[in-house]
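The block underneath contains the structure these notes are about, expressed in structure tokens.
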Amino acid sequence: MYPIARSLLFRLDPETTHGMALSALDALHKVGGIQRLYGEPVSDPIELMGLRFPNRVGLAAGLDKNADHLDALGELGFGFVEVGTVTPKAQPGNPKPRLFRLAGHEAIINRFGFNNKGLAHLVAQVKKRHYNGIVGINIGKNLTTSVEHALDDYLMCLDAVHGAADYIAVNISSPNTPGLRTLQFGEQLDALLGPIREKSRELNDQAGRNVPLLVKIAPDMSEEEVALVAGSIARNELDGVIATNTTVSRDAVQDDPQAQEAGGLSGKPVFDASNKVIRLLRSHLPKLPIIGVGGIDSGEAARAKIAAGADVVQLYSGLIYQGPGLVRQCVEALKQQG
């Protein structure tokens, strides 16, 4: 059924299709159609970061930037859903077109630029959810905020989302906000993560509960750079890491006519690069929880991500190409793997 729907949807502009698909999912959710089509969620619980995940397959940030579709997406069977990236102030993002399909490679290029409705809207949406899985909130900085003042935006976001989130992800790896990725390295990373960690502890104490703090990193790093990032994560005692975001590399898609579009590349071509970073992180941080994301398009690919060192996984582009049935396929594959 999904291949037919995809062939029709793929004739439309990608961003238009994105909105239509989410609206259709909401409509199905309201009439109870999602479970009739895709069945009851599969249970495969895991304890991680002090949280109980209903299963090991989640939705990556970026698909539901404003938490407007949280209940419908959750009903597809995800054990956790990450919403955002949210910034302190609402912003429109980059000019359109800003989303491109590289169908021959089962890949996507996006340069959205953290388009979102702002903190107040997202927090209100998350607080009224009925979805009972784990909800992560991915935070970032506004385009108009300089890199030198990025910390202010992250602290503002942290304070606002803490009461609504099950975990918080600090996004320093999107290629679509100028200068953002420079925060991943050396003293700049410590200067960012240190105060954020300190603030998160204060908020945890005030709330009487621990909200895990994670950082999301890029796949475009050398072994030495991964080691430096791992060192900063350890020094600042983060609760976990999300590996990885989209890539700026086009090596695997050179033959595609849209390969040179600016933005982050996701999907199948990122799979190996993501796994390499995960393996390196695991070698440096043997006990740190890792959320693995990048190029998962089958149950076998989900298993490979776990084998590389991830504890749980997230889907994004694979969902676009394979359809909602991919969620159950991955959950069942990981449950069988044990």
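Would segment 253-260 turn up any residue that is in contact with a strand residue (DSSP E or B) (Cβ under 8 Å, 6 or more places away or on another chain), touching a residue at least 60 places away in the same chain (Cβ under 8 Å), more than 22 Å from Arg52 (Cα to Cα) and open to solvent by 50 Å² or more (accessible area, probe 1.4 Å)? Quick ask: steps written out before the conclusion?
Looking only at segment 253-260, we keep the residues that are in contact with a strand residue (DSSP E or B) (Cβ under 8 Å, 6 or more places away or on another chain), and these are 253, 256, 258-259.
If we keep only those that are touching a residue at least 60 places away in the same chain (Cβ under 8 Å) as well, we get 253, 256, 258-259.
This time we only want the ones that are more than 22 Å from Arg52 (Cα to Cα), so: 253, 256, 258-259.
Narrowing further to those that are open to solvent by 50 Å² or more (accessible area, probe 1.4 Å): 258.
Within segment 253-260, one or more residues are in contact with a strand residue (DSSP E or B) (Cβ under 8 Å, 6 or more places away or on another chain), touching a residue at least 60 places away in the same chain (Cβ under 8 Å), more than 22 Å from Arg52 (Cα to Cα) and open to solvent by 50 Å² or more (accessible area, probe 1.4 Å).
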Residue among Ala169, Ala160 that is at pLDDT 95 or above, small (Gly, Ala, Ser), crowded, with 18+ Cβ neighbours inside 10 Å and within 21 Å of Val229 (Cα to Cα): Ala169
Residues of segment 206-223 classified as of a type in the set (A, V, I, L, M, F, W, C), part of a loop (DSSP other than H, G, I, E, B) and open to solvent by less than 10 Å² (accessible area, probe 1.4 Å), total: 2
Residues (within 21 Å of Leu334 (Cβ to Cβ) and touching a strand residue (DSSP E or B) at 6+ places or on another chain (Cβ under 9 Å)) located in segment 50-71: Leu51, Arg52, Phe53, Pro54, Asn55, Arg56, Val57, Gly58, Leu59, Ala60, Ala61, Leu63
Residue check for Gly318: under 15 Å from the mean Cα position of the chain (by Cα), crowded, with 24+ Cβ neighbours inside 10 Å and not in a loop (DSSP other than H, G, I, E, B): yes
Of all residues making up segment 59-78, the number that are at negative phi and either buried (at least 24 other Cβ atoms within 10 Å of the Cβ) or in contact with a Pro (Cβ under 8 Å, 6 or more places away or on another chain) (or both): 8
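Residues checked against (1) assigned to a strand (DSSP E or B); (2) surrounded by 20 or more Cβ atoms within 10 Å (Cβ to Cβ); (3) within 18 Å of the chain's Cα centre (by Cα):
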site: Gly104; (1), (2), (3): no, no, no
site: Phe114; (1), (2), (3): no, yes, yes
site: Ala120; (1), (2), (3): no, no, no
site: Val126; (1), (2), (3): no, yes, yes
site: Tyr131; (1), (2), (3): no, no, yes
Scope segment 45-58; condition open to solvent by 10 Å² or more (accessible area, probe 1.4 Å) and assigned to a loop (DSSP other than H, G, I, E, B); matching residues: Pro45, Met49, Gly50, Pro54, Arg56
One residue from Gly264, Gly323, Gly294 being on the phi > 0 side of the Ramachandran plot and within 16 Å of the chain's Cα centre (by Cα): Gly294
Identity of the residue in segment 233-252, open to solvent by less than 20 Å² (accessible area, probe 1.4 Å) and among the β-branched types (Val, Ile, Thr), that ends up farthest from Ala103 (Cα to Cα): Ile233
Any pair with Cβ under 7 angstrom, 6 or more apart, that starts in segment 207-228 at a residue that is in contact (Cβ under 8 Å) with a residue 24 or more places away in the chain and ends at one that is aromatic (Phe, Trp, Tyr) and surrounded by fewer than 21 Cβ atoms within 10 Å (Cβ to Cβ): Glu225/Phe185; Leu228/Phe185
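In this structure, does Ile291 turn out to be touching a residue at least 24 places away in the same chain (Cβ under 8 Å) and part of a helix (DSSP H, G or I)?
no
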Filter pass, Gly323 being crowded, with 24+ Cβ neighbours inside 10 Å, farther than 20 Å from Pro45 by Cα and in contact (Cβ under 8 Å) with a residue 60 or more places away in the chain: no
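The values are calculated or read from the model by the stated rules, or taken from the named source; none is laboratory data. Keep in mind that what you see is a predicted model, and the values were worked out from it rather than measured. Neighbour counts are summed over all protein chains in view; Cβ atoms, including those assigned to glycine, are modelled from backbone coordinates with ideal geometry. The protein model used for the area step is the full one, side chains on, heavy atoms only, and it has no ligands, DNA or RNA in it. Shrake-Rupley method; radii C 1.70, N 1.55, O 1.52, S 1.80 Å.
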